[in-house]
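Contents: one structure, followed by commentary.
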Amino acid sequence: MPNLLWLCLVLWISTATLFTTSSAMPPLNPIKCNDINSNCQLSNSYGVWGDRQTCHAPNIVYPTTEEQLRQELANANKNNLKVKIVTKFSHTIPKLACPSNSKNSLFISTEKYDSMIDINTERLTVTTDGGVGLRKLIDTIEKAGLSLVASTYWEGVTVAGVISTGAHGSSWWGKGGAIHDHVIGLNLIVPANENEGYAKIIKLTPQDPLFNAAKVSLGLLGIISKVTFQLEPAFKRSIRLNFTNDSGIEDEFMEHARENEFGDIQWYPSRQIAVYRYDNRVPLNTSGEGLNDFLGFQSNPIFLSKSVRAAEKLLENTRNVGGKCTMASIFVASKKLIANGLKNNKLIFTGYPVVGHQGKMQSSGSCLYSSSTDITSTCAWDPRINGLFFYESTAIFPSSQFGNFIRDVKKLRDLVNPENMCGVDIYNGFLFRFIKASDAYLGQGEDSVVIDFNYYRASDALTPRLNQDIWEEIEQMAFLKYGAKPHWAKNRNVAFLDVQKKYPKFNKFVGAKVQLDPKNMFSSEWSDEILFGKQEGLKSDGCALEGMCICSEDRHCSPSKRYFCKPGLVYQEAHVCRFSSISTS
């Protein structure tokens, strides 16, 4: 493709992002059944699990009340079935929600269990059904003149799902950015013996020994049926983004977190740009009716999403690093122009600061909703349209180690040439967020920094990626050299190796599981693989290409396509699949 034509294409794609639609084709239901509520298959929102294998169960049930939830679990226990709880969103990347691959399993869906939201304005609390969506909860709380302080950036999650996977926003202030640390009570439905009706409801508060196990429980202890959150009086937030040079980012992140209640940092390493988000609460009478409609979560015209994917696929196939950098530069410039989706008056961005109610600023996901019969736009990653298809790696570092990790990434960038990191900047670069130390057994033991980064995933499992070795080295640098913890609901399989050694209270969680689920009804081979971070088993040809293993032989990469197993460049203990003319393994 001639350079001028390519530049015009990218400019068109970039400009089109400024005119995304406000209504869209809603995402597919993650459950598909061949018959009514039987022969069912579960997908995640991307349409493909990490191992590209299917996830199914013979039957699914849709309880609408807490008692019906208890009855369904009792029936499953009585009939010796394996159980997994599924939601109407299914945004978990690892296969935590997949039951054992057997005929004796059952999906219990909370899709229709979402009616109760009980607010106590005197105690500043809300108690809600576990299946309630986050946006519905936030809006109901705001109407009562209160605010939920912590929230995920993406609102396509349920209450029970968001706390059980340790999901979070960004804050070191107060109780911190992790949503489970704002929970002050929950109901858990667990298996029981015959004289207790095969299932029972236990109510947990912070004083109960099991509370810190249940807050982040990965769906492995029972069914979270009710959750009570601590609230605060309603407030507004004021946000300003500062696009600047990335020099000193490894020394400035801690001060930024301490000075800005909801602050984060977005880093585009190939562009050498850091975006500091100055984000703090302001009094309720502050002027402004702003909205956070994050660009990546808006509905996109289907032709645009398909075009971006096709362009990136072409660049991958032709090993065109320069084309990726052109794409990254214009995308970053577009984000700066429209403040990454912040809007002053709910329609457009007119300038900083953007001030709005907490409920409109803390979470976004407008591509989830449809207010018309529009079938021309949807979430950019919707698997029906062959749009964006990517990996998401998320590592959680002790704050004391994070600066050294960034220094290592910069060393790698300078060694390989910054242009070879353009692939991550087509998406969102590296996003730094902050979460406070938690008492949850599977939470963080100290104040931590979380990084998220997205990068191209090939359509075929055995197709290597451009600059694959760089992202594998960064991934291994994070989880092996610096011992970062993986986000439970994200990541490729290699991120979970030896994960149990990273949690000092891991054995307490296992003890709680033995107590509450002695028959392992909620376990499966996939959740065991994640929870216990099992060592890699028998490695297969090409297993390293999708993070199913760390290569130790060339065949774990793709020698036929000139990708061989090589040591890392900065973290030399890493083993990565690198494009080369010869093998030196």
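The values are calculated or read from the model by the stated rules, or taken from the named source; none is laboratory data. Please read all numbers here as calculations on a predicted model, not as lab measurements. Here Cβ is always computed from backbone atoms with ideal geometry, including for glycine, and neighbour counts include all displayed protein chains. Just so you know, the surface numbers come from the protein's heavy atoms only, side chains and all, with ligands and any DNA or RNA stripped out. Shrake-Rupley method; radii C 1.70, N 1.55, O 1.52, S 1.80 Å.
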* Asked: aspartates and glutamates near Lys513 by alpha-carbon distance under 16 Å, same-chain residues fewer than 8 away left out - which ones?
  -> Asp208, Glu525, Asp528, Glu529
* To do: Work out the length of the dipole vector of the stretch 460-585 about its Cα centre, built from +1 on the beta-carbon of each Lys and Arg and -1 on the beta-carbon of each Asp and Glu, and round it to the nearest 20 debye.
  => 400 debye
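Could you sort 40-52, 500-512 so that the peptide with the highest average Cβ count within 10 Å comes first and the rest follow in order?
Descending mean neighbour count gives 40-52, 500-512.
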* To do: Using a 1.4 angstrom probe on the protein heavy atoms only, line up Asp208, Asp460, Asp469, Asp414 by accessible area, largest first.
  => Asp414, Asp460, Asp208, Asp469
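Relative contact order for the stretch 27-74: what percent, with Cα pairs under 8 Å and sequence separation of 6 or more?
30 percent
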* Asked: Which residue, chosen from Trp471, Met521, Leu284, occupies the Cα position most advanced towards the positive end of the dipole of the chain, where the dipole is computed from +1 (Lys, Arg) and -1 (Asp, Glu) charges on Cβ about the Cα centre?
  -> Trp471
* Could you compute the FRET efficiency for Glu142 and Asp439, with r as their C-beta to C-beta distance and R0 at 25 Å, rounded to 0.05? => 0.35
* To do: Calculate the spin-label point distance for Ser560 paired with Asn80, positioning each point 7 Å from the Cα along the beta-carbon direction, and give it in nanometres.
  => 4.4 nm
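Classify the stretch 258-398 as rounded, prolate or oblate from the Cα gyration tensor: take a ≥ b ≥ c as the square roots of its eigenvalues, call it rounded if a/c is under 1.5, otherwise prolate when a/b beats b/c and oblate if not.
Because a/c hits 1.5 or more and a/b fails to exceed b/c, the stretch 258-398 counts as oblate.
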* **Net dipole in debye of the chain [+1 Lys, Arg Cβ; -1 Asp, Glu Cβ; about Cα centre; nearest 20]** => 480 debye
* Given 0.36 nm per residue, what is the gain on full extension from Asn345 to Val510 after removing their alpha carbon distance, in nm? -> 54.5 nm
* Asked: In terms of the Cα gyration tensor, with a ≥ b ≥ c the square roots of its eigenvalues, is the stretch 65-131 rounded because a/c is under 1.5, prolate because a/b exceeds b/c, or oblate?
  -> oblate
* Where does each of 437-445, 554-562, 58-66, 151-159 land if you order them by average Cβ count within 10 Å, highest first? -> 151-159, 437-445, 554-562, 58-66
* To do: Sort 117-123, 195-201 for me by packing, meaning the mean count of neighbouring Cβ atoms within 10 Å per residue, highest on top.
  => 195-201, 117-123
* Positive end of the charge dipole of the chain (Lys, Arg +1 and Asp, Glu -1 on Cβ, about the Cα centre): tell me which of Thr376, Ala544, Ser45 has its Cα farthest that way. => Thr376
* Asked: Add -39500 (n - 2.57) for each DSSP H run of 4 or more in the chain, then divide by its residues: what number comes out at 222 nm, to the nearest 500 deg cm²/dmol?
  -> -7500 deg cm²/dmol
* Asked: How far is it, in nm, from the label point at Arg123 to the one at Asn404 when both lie 7 Å from their Cα along the line to the Cβ?
  -> 4.5 nm
* Structure fact -> Relative contact order as a percentage, the chain, C-alpha pairs under 8 Å and 6+ apart, gives 17 percent
* Structure fact -> Where a ≥ b ≥ c are root eigenvalues of the Cα gyration tensor, a/c under 1.5 meaning rounded, otherwise prolate if a/b exceeds b/c and oblate otherwise, the stretch 302-342 counts as oblate
